[in-house]
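This report concerns only the one structure given below.
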Amino acid sequence: MRRFAILISTVGIVLIGLLAGGLASTGQAQQSTPTAGGGTGVTTEVLGRFPSELAPGQALALLRITFAPGGSVAPHTHPGETVFHLASGTLQFTLHEGEAQLVRAVDGAPAAATPTAGEAMTIGEEITLNAGDTIYYDAAVVQSERNDGSEDAVVLASNLRGVDEPARQFHEDMAASIPAA
């Protein structure tokens, strides 16, 4: 639980830094890239990214990931600790390896400010996330997502990662075990 409290503090610093640095900075806002190699129907936009003074060699990032209906991402990891928040739509999420904490929205409103109210996720169990749900995890987590809904699912994700590290690392050996959407 202490690790998740530290993660919440880090995310707060990320968000404050992004606002202070300006989300619309030249070269940082709205850099759209399709998911390569392990996903379809998914677009990732970099809303903000900058080197951290508190963690040399690391960069803070805020991403908007849009899953079109039928969109999916094969098993992958994200470097560093991550806050994964479903802003709209529904999304199927599977934890394949590692430990993750799920905080469900309360009456449709995000309850993520209190991660200790969350629950440990079960490896191999696919869950349906609804708008307002948030998941906290570290770099050891292998996950996959799929949008079975009829509308876009929009995720806001924030993490701290090495300056030159990609946002995702796919696990090709696990991709064959995931059913097609």
What is the local net charge at PRO69, summed over the other residues whose Cβ is closer than 12 Å to its Cβ (Lys, Arg +1; Asp, Glu -1)? -2
Applying the Karplus parametrisation 6.51 cos²θ - 1.76 cosθ + 1.60 with θ = phi - 60° to the phi angles of segment 86-95, what ³J(HN,Hα) value in whole Hz is obtained for each residue in order, glycine and proline being reported as x? 7, 7, 7, x, 10, 8, 8, 10, 10, 8
Just to be sure I understand the model, the point goes 7 Å from the Cα along the line to the Cβ. What's the resulting ILE127 to LEU54 distance in nm? 2.6 nm
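Bear in mind that the values in this text are calculations on the coordinates, not laboratory data. It should be emphasised that the depicted structure is a prediction, and the values quoted were computed from it without experimental measurement. Ideal geometry is used to build each Cβ from the backbone, glycine not excepted, and the neighbour counts take in all protein chains shown.
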